[in-house]
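The values are calculated or read from the model by the stated rules, or taken from the named source; none is laboratory data. Keep in mind the model is a prediction, meaning the values are calculated, not measured. Neighbour counts are summed over all protein chains in view; Cβ atoms, including those assigned to glycine, are modelled from backbone coordinates with ideal geometry. Quick note on the areas: whole protein, heavy atoms, side chains included, nothing else; ligands and nucleic acids left out. Shrake-Rupley method; radii C 1.70, N 1.55, O 1.52, S 1.80 Å.
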Amino acid sequence: MNDISKSQNEPDFSWSFLLIPLLTLVYYVVLQSAFQKSLTFVIQDATDIDPNTISGPAWGSHWIYRCVSEAASIAFAAVIAAGIFRGRGRTAALISGFTISVSYVLGFVFLLWLASSNERTPLSEPWYQNLISGALIFAAPLIALSTLETADDFNAGTQRGFAGINSLHFVWLWIPTYFYALALISPIMHFYLAQWNDPSLLGLLFSIPNILIAALFLVPLYFGVALLSGQNGSRLSPIVRNGAGVSILIFGWIAAALIEYSLLTLVKTIFGK
């Protein structure tokens, strides 16, 4: 898809494009961190990973989960970059993808430097995890470009920002992005694994608690974003609507987390687990 011609509401190619690498890295790292943190809650045996140290293995033998997390994280960061810089989406997506590629190149250079300065190799991950990292150098731009249609769909009919959300919100939205991703990844993955391992009605019934936990966080996430984008609250003044959206995102997550904690505590009390 070629870049569409600039209009009055589209950003110029200016210094603002320097924000794309920073924007990409922030949202990529945030989502990747959420996937890494949730990995210990998703898998049954986490003895081959060490999430408490930087030098320890973060993915271990769970290469499928790693591939899913990489694709989701790169795509999410690229969609935001391409969506904010509407009218220059292809350029923004390419910059976003190559930012990830360069990051992995620099990471390999750093590992080689450590290996040459120490007798023991610093590569703590299995060889196939490093192979995935190498493949991402070439795959990241392709994944980023594949998100252009999605970014265009989000921006259909909007006049500014990304999906109607003011671009300045993305300076801080990476914070709720991390916490909502951390809260949602684990129950959604449990539900997916239940369908995969036991697609029967009994298996789906056992996954109901995970569906309820995900719903606790999806409700404030939906209404908060809907207010920020103007999908809801169109009769409110922009200041009130944006303030309400921010409040729902923040306090809605806190309320959902408290309810989840109470439910888990009740289950442990009843079943002694």
**Request:** Filter segment 216-246 down to the residues that are assigned to a helix (DSSP H, G or I) and over 21 Å from the mean Cα position of the chain (by Cα), then identify the one that is nearest to His169 (Cα to Cα).
**Result:** Asn242
**Request:** Would you please list the contacts, defined by Cβ atoms under 7 Å and residues six or more apart or on different chains, that run from a residue in segment 65-89 that is open to solvent by 10 Å² or more (accessible area, probe 1.4 Å) to a residue that is of a type in the set (Ser, Thr, Tyr) and not in a loop (DSSP other than H, G, I, E, B)?
**Result:** Phe76/Tyr27; Val79/Thr150; Ile84/Ser167
**Asked** Of everything in segment 1-17 that's of a type in the set (Phe, Trp, Tyr) and open to solvent by 60 Å² or more (accessible area, probe 1.4 Å), which residue is modelled with the lowest pLDDT?
**Response** Phe13
**Complete:** The condition of being within 23 Å of Thr150 (Cβ to Cβ) and not aromatic (Phe, Trp, Tyr) holds, among Val109, Val105, Val29, only for Val29
**Asked** When you look at Ile95, is it open to solvent by less than 20 Å² (accessible area, probe 1.4 Å) and over 23 Å from Glu125 (Cα atoms), yes or no?
**Response** no
**Asked** Within the group Leu31, Leu22, Leu94, which residue is at pLDDT 80 or above and under 12 Å from the mean Cα position of the chain (by Cα)?
**Response** Leu31
**Asked** Which of the residues that make up segment 99-115 are hydrophobic (A, V, I, L, M, F, W, C) and buried (at least 17 other Cβ atoms within 10 Å of the Cβ)?
**Response** Ile100
**Prompt:** Here are Ser38, Ser33, Ser73, Ser124: which of them is over 24 Å from Trp174 (Cα atoms) and of a type in the set (Gly, Ala, Ser)?
**Reply:** Ser124
**Prompt:** Name the residues in segment 161-197 that are farther than 18 Å from Ile64 by Cβ, surrounded by fewer than 14 Cβ atoms within 10 Å (Cβ to Cβ) and at pLDDT below 90, would you?
**Reply:** Leu168, Val171
**Item:** Candidate set from segment 205-215 (those that are open to solvent by less than 60 Å² (accessible area, probe 1.4 Å) and either over 19 Å from the mean Cα position of the chain (by Cα) or modelled with pLDDT under 70 (or both)); member that is farthest from Trp253 (Cα to Cα)
**Value:** Ser207
**Message:** Under 9 Å between Cβ atoms, which residue pairs at least 6 apart in sequence (or on different chains) link something in segment 144-170 that is more than 16 Å from Gly230 (Cβ to Cβ) with a partner that is open to solvent by 30 Å² or more (accessible area, probe 1.4 Å) and modelled with pLDDT under 85?
**Reply:** Leu145/Met1; Leu148/Met1; Glu149/Met1; Ala151/Arg86; Asp152/Met1; Asp152/Ile4; Asp152/Arg86
**Request:** Filter segment 18-48 for residues that are out of contact with any helix residue (DSSP H, G or I) (no Cβ under 9 Å at 6 or more places or on another chain) and either acidic (Asp, Glu) or surrounded by 22 or more Cβ atoms within 10 Å (Cβ to Cβ) (or both) and give the result.
**Result:** Asp45, Asp48
**Request:** Could you list all residues from segment 233-259 that are closer than 22 Å to Gly83 by Cβ and open to solvent by 50 Å² or more (accessible area, probe 1.4 Å)?
**Result:** Ser234, Pro238, Ile248
**Prompt:** Which number in (1) part of a helix (DSSP H, G or I); (2) of a type in the set (D, E, K, R); (3) more than 20 Å from the chain's Cα centre (by Cα); (4) over 30 Å from Asn166 (Cβ atoms) marks the one condition that Arg66 misses?
**Reply:** (3)
